[in-house]
Amino acid sequence: MRAQRNALVWAAAASAAAQFVPSIVALGQWAPLRALPGGLCRWQGPGSSSKVALTFDDGPDPEGTPRVLDVLGELGLRATFFVLGERVRDDPELVWEIARRGHQLATHGDQHARHLLRTPAWARRDLDRAMEAMAALGHPPRWFRPPYGQATGATLALARAMGLETVLWSAWGREWVSPEPEEVAARIGRRLLPGAVVLLHDSDRFGRAGMWRAACDALPLVASELHRRRLDAVTMDELVACATAPVA
């Protein structure tokens, strides 16, 4: 009986640890880790490629997203947009416009909430709603990025069970720190290596006012650095496809 009680205590502790383990975004940001096995989590694409993925969080935004799309088009860059389900329902036309311009759609969950402060049941409902919103527009997502990069153990397992692959990032502009485009581009440039996943924002709803403008203004500088390093900006699907492409 005592052994059974101890086993239950350990099981409860393991379950709690899986849910409330601190965010693991730092592993990809400051360590040479590219991905966890089984599609649980990814920070980078293959280092052998000449490609990087530009990604944008927190949209679609009626002010920021169209401008970001215009600048990407002017520069000939492709990107992946991690959109919020609640905003997808508010502005489906803008979601279609992202896809029409040749970019990839991915999910940022339904609400912009910290998973560390939520239960697995809440996370499941949130992801269900986000996936339903995108499926209704004909764009069921493959990729998921939790808000704030807070990927608990339970979040990772849940997302994978629902057919999603979690992706965080290896380079970011941190537009909320300072709006100067040179500084945003410099922060990205320090980690702009083959296979990098770059995080920017096309909305400032959840951060400092003007974040999306800082991202827009930094994009020409990022594009110049990509050209200098002979790197191409592609979607997440295209970046990861490099890892499995057959050798000619």
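Read-outs: derived from the displayed coordinates by stated rules, not from any lab. Everything numeric here is computed off the predicted structure, so don't read it as measured data. We place every Cβ from the backbone using ideal geometry, glycine too, and count neighbours over all the protein chains shown.
Data table
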read-out	value
Tail fraction, Cα-Cα pairs, segment 172-238, threshold 19 Å, whole percent	29
Å³ per residue enclosed by the Cα convex hull of segment 2-244	124
Paramagnetic label zone (point 7 Å from Cα along Cα-to-C-beta, Gln111; backbone N under 13 Å) in segment 129-169	129-130
Relative contact order for segment 2-244, counting Cα pairs under 8 Å that sit 6 or more residues apart, in percent	30
